[in-house]
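What follows draws every value from the coordinates through simple rules; no lab data is involved. Keep in mind that what you see is a predicted model, and the values were worked out from it rather than measured. All Cβ positions, even for glycine, are placed from backbone atoms using ideal geometry, and neighbour counts span all protein chains on display.
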Amino acid sequence: MSPVYPFDDAATARAAVDDHGVLVEWNEGARRLLGWEPGEVLGRPAAELMAGPGLRLPGDPRWHGSLTLRHRDGHEVTVWALVHHRRPEDGGGRLLVTPLEGGTPPDPDDPLSRAVLLQSPCAVAIYDARLRLHAVNDAMAEVIGAPGERLRGLRVSEIGGRRDSEDIEAQMHRVLTTGVGHDVRTYVPIGGAGRMSAWLARMSPITDARGRVCGVCLAAHDFTEQYRARERLQLVNEASVRIGTTLDVTRTAQELADVCVPSLADFVSVDLLEPRERTGEPFTGPPGAPVTLRRAAHRSVHRGEPEAVTLPGRSEVYPATSPQGASLLAGQSVVVTQESGDLEKWLSWDPARSLLAQRLGIHSTMSVPIRARGTTLGVAVFTRFEQPAPFLPDDVLLAEEVTARAAVCIDNARRYSRERETALALQRSLLPRSLPHTAALDAASRYLPAAHTGVGGDWFDVIPLSGMRVAMVVGDVIGRGVQASATMGRLRTAVRTLADIDLAPDELLTHLDDLVVRMSAEAGTESASGALGATCLYAVYDPVSRRCTLARAGHPSPVLLPPDGPPRRVDLPSGPPLGVGGLPFECAEIDLREGSVLSFYTDGLLEGRERDVEAGHRLLCEALADRTGSLEETCDRVLGALLPAGGSADDVALLLARTRGLPASQVATWDIPADPALVAPIRKQVVDQLDDWGMAESAFTAELVVSELVTNAIRYGIPPIRLRLIHDDAHLICEVSDTSHTAPHLRRAKTWDEGGRGLLLVAQLTRRWGSRHTTEGKTIWSELDLLTDEE
């Protein structure tokens, strides 16, 4: 239940008129003043009670002056009235009040009169026991904006004309009844500009000679400047927290707009300069006019953003007369208002914007360049149409401070985005664009860069080797950015070079480890943090023997999915990461049935924000256990099961390989005695074997190559000597093995030399050739392209 205030409603004549000029309120004081009963005037036009022209009042929030009214009996009554234009939430329309007892001068001996401090710079008002104004000093009258003697007899709510004035009345009644002082903070618009002023109302009881409370003294202190300074500090602090939460340019620009609406402006747009076409760099000085800007973000106090003419992501050319162009060319903030007449000129370059400004009632616009580290990045435009006050110098300083903070964040995001794009482009250019088609296996792969951090050095590769074999490699370079991508490219090139000489997996990792140690030493001479490191897993699969040889350097073991069993982790010896140096690597061999799937990956696939590696391994096995679909679909299924929707915190490389087996019918092997006379019969057996395989078109070339390789093995090698032919649909491989570790080399024979032309002939007739060392000796191999009927 609301408290009972000691108010006499008949002491003030009060009437309310709606927006159509119809009387909607008529109190007892109005009846006493003009004699009209409420039922006789409510719902009628207020102009009928005027003794002259209709009620024509200015549009100020509050007006006071003399009005001549018509009494019920016909005579005219001239009164001083205080008129409020009420807000919609306060009922709308106009409220007219006039005190009926204000003309009686106070008794000089009244303690209320003695309490008035007429010369005090502090605004003071004295209210009697009925909480009606008894007297005010000059400072309070200036704050109210009306003569003090005319206000005598009015209540606080009648003087203020606002609903929140009733809260002050409630506190005054509390002081009146309890005799205890009280302080109240209030925020009211003062003056025609509509800017909010902050006031501290200090209320204290007034007592008579016997100590009885007979009134309330209200002293008002203006702390608007302190209030605005605190608001500015709060906005700057909020900007430092909310702007720059990510390294995304568009998101940062949107955060700038979100922070400033509605605290500073009703609509904020952020437009960024398009970088130079040749260099991709932003402008270091003021750009020339006209200027091309891309809308990065905007924010409005209205849902649907009706003020936005340009959509985010769209580019537009702005002339020098536009808000964006003017501030960018001037290199400083520019403010225009409707009162100055410059706003209409500023928007005249675009009729659509000009009409929109008129429709919305835009009255003040401020354009602030976005600059950081000597670079011009764009411009932020602040607009007001709901807030009645124009932009003041303090608002300009505040906008510049917030924009400067946002500019640094936008520049950081721009630099990061450029570096990330560069590193990502380098990374993707160094990774295989497509995997080779081999007879040994089918392969599918995926590479995903980290979602919110720098690009790392994850890589994978599939490398065809001699004898239909194929190498599979996956690795991860420590670090991020361009340096990690460049290091990854060097390591991938080194792996391909070492794989080309057919090194065993453990030997290849040993050479790769030496390379990383040297690279780390070289980097240490250029930077204090020169240490490099990487992990790697290297595997070689032979489709003839269906055996896979693997070795790892600090890398996670692969997961094997047999054709008819559950997925399981391959047990491999644990080798040190690359770059440690001096520690050995070990190989492991496993037999793989045709149709087995090997899953190679980097640690970013298993590691998650809310799970450990073992949990990630279980999810990987569950995804692989679903045998439906192709390898490409399996890759997507694995990534969908293990990676969050927003992307991984680390780079992810995934390589899936389904093994094939080469049937024994596609392999032919001969043990050759070390007798040159037996070369001709061997050639005959080769030709017969090719006839059986339906490769008679390639028999002549194969016969020449086999003859040369077998002859060299008999002449220079050490028995036992073995010849092996392997073929698939497109290639024929000839291999000659012996127990000598001396490798042949290609040379150019001189005109009168009797030898030296054999390997040159082999190189000319075959697609490629080479040698590889084995535990028993060496193997010389050559690969021929099979001739088709069309050829």
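What is the diffusion coefficient of region 664-785 in µm²/s, taking the Kirkwood radius over Cα pairs and the Stokes-Einstein relation at 25 °C with a viscosity of 0.890 mPa s?
On the way: Rh = 14.6 Å.
Estimated diffusion coefficient is 168 µm²/s.
So what is the relative contact order for region 1-100, in percent, with contacts set as C-alpha pairs under 8 Å and at least six apart?
27 percent
Can you tell me the length gained on complete extension of the stretch His182 to Ala763, counting 0.36 nm per residue apart and subtracting the Cα distance?
198.7 nm
For a quick size check, give me the Cα extents of region 1-100 along its three principal axes, largest first, whole Å.
Per principal axis, max minus min of the Cα coordinates gives 43, 30, 24 Å.
If you find the alpha carbon centre of region 558-603 and of region 368-385, how far apart are they in angstrom?
Cα centroid to Cα centroid, the span is 56 Å.
Please list the helices of the chain that count as membrane-span-like by this rule: a mean Kyte-Doolittle hydropathy of at least 0.5 together with Cα atoms stretching 15 Å or more along the helix axis, each helix being a complete DSSP H run. Each step should come with its number before you reach the end.
Working: long enough: 165-178 (20 Å, -0.55); 224-242 (26 Å, -1.17); 249-260 (17 Å, 0.16); 393-430 (54 Å, -0.35); 482-500 (27 Å, 0.07); 505-524 (28 Å, 0.02); 613-625 (18 Å, 0.65); 631-642 (16 Å, 0.32); 679-693 (21 Å, -0.38); 699-716 (25 Å, 0.80).
The answer, listed by residue number, is 613-625, 699-716.
What ranking, highest mean first, results for peptides 365-373, 422-430 when packing means the other Cβ atoms within 10 Å averaged over each residue?
Details: 365-373: 22.9, 422-430: 16.4.
Descending packing order for the listed peptides: 365-373, 422-430.
Over region 494-591, what is the relative contact order in percent, taking alpha-carbon pairs closer than 8 angstrom and at least six residues apart?
Numbers: 171 pairs, mean separation 28.9, N = 98.
30 percent.
Quick one: go through region 461-486 and flag any residue whose amide nitrogen is under 19 Å from the point 7 Å out along the Cα-to-Cβ line of Ser434.
461-465
At 10 °C and a viscosity of 1.306 mPa s, what translational diffusion coefficient does Stokes-Einstein give for region 228-421, taking Rh as the Kirkwood radius over Cα pairs? Give it in µm²/s as a whole number.
Estimated diffusion coefficient is 96 µm²/s.
Based on the Cβ-Cβ distance of Arg303 and Gln234, what FRET efficiency does E = 1/(1 + (r/R0)^6) give at R0 = 22 Å, to the nearest 0.05?
That gives a FRET efficiency of 0.30.
Sorted by mean Cβ packing within 10 Å, highest first, what order do the peptides 550-557, 729-736 take?
550-557, 729-736
Exactly which GluC sites (Glu not before Pro) in region 535-629 are in a DSSP loop and have at most 10 other Cβ atoms within 10 Å?
Glu610
Which of the trypsin sites (Lys or Arg not before Pro) across region 202-239 are loop residues per DSSP, with 12 or fewer other Cβ within 10 Å?
Listed in order of number, the matching sites are Arg210, Arg212.
Two decimals, Cα atoms only, Kirkwood Rh: what is Rg/Rh over the chain?
1.29
Just flag the GluC sites (Glu not before Pro) in region 380-480 sitting in loop per DSSP whose Cβ has no more than 16 other Cβ atoms within 10 Å. Present the calculation step by step, with values, prior to reporting the outcome.
Numbers: sites: Glu386, Glu400, Glu401, Glu419, Glu421; in loops: Glu386.
Of the GluC sites (Glu not before Pro), the ones in loops of region 380-480 whose Cβ has at most 16 other Cβ atoms within 10 Å are Glu386.
Over region 431-659, how many percent of alpha carbon pairs lie in each 10 Å bin up to the one with the longest distance?
8, 34, 38, 17, 2, 0
Relative to the compact-globule scaling 2.2 N^0.38 Å, provide the ratio for the alpha-carbon radius of gyration of region 539-645. It would help to have the intermediate numbers written out before the result.
On the way: Rg = 14.9 Å, N = 107, 2.2 N^0.38 = 13.0 Å.
Computed over Cα atoms of region 539-645, the ratio equals 1.15.
Tell me, what does the Kirkwood hydrodynamic radius of region 422-493 come to in angstroms if you use every pair of distinct C-alpha atoms? Numbers along the way, then the final one.
On the way: mean 1/r = 0.0773 Å⁻¹.
Hydrodynamic radius (Kirkwood, Cα pairs) of region 422-493 is 12.9 Å.
So, by mean Cβ neighbours within 10 angstrom, what's the order for 534-547, 145-158 with the highest one leading?
Ranking, from highest mean packing down: 534-547, 145-158.
Among Cys217, Cys260, which comes first, then next, by fewest other beta-carbon atoms within 10 Å? Working shown, then result.
Working: Cys217 21, Cys260 26.
Final ranking by Cβ density, sparse to dense: Cys217, Cys260.
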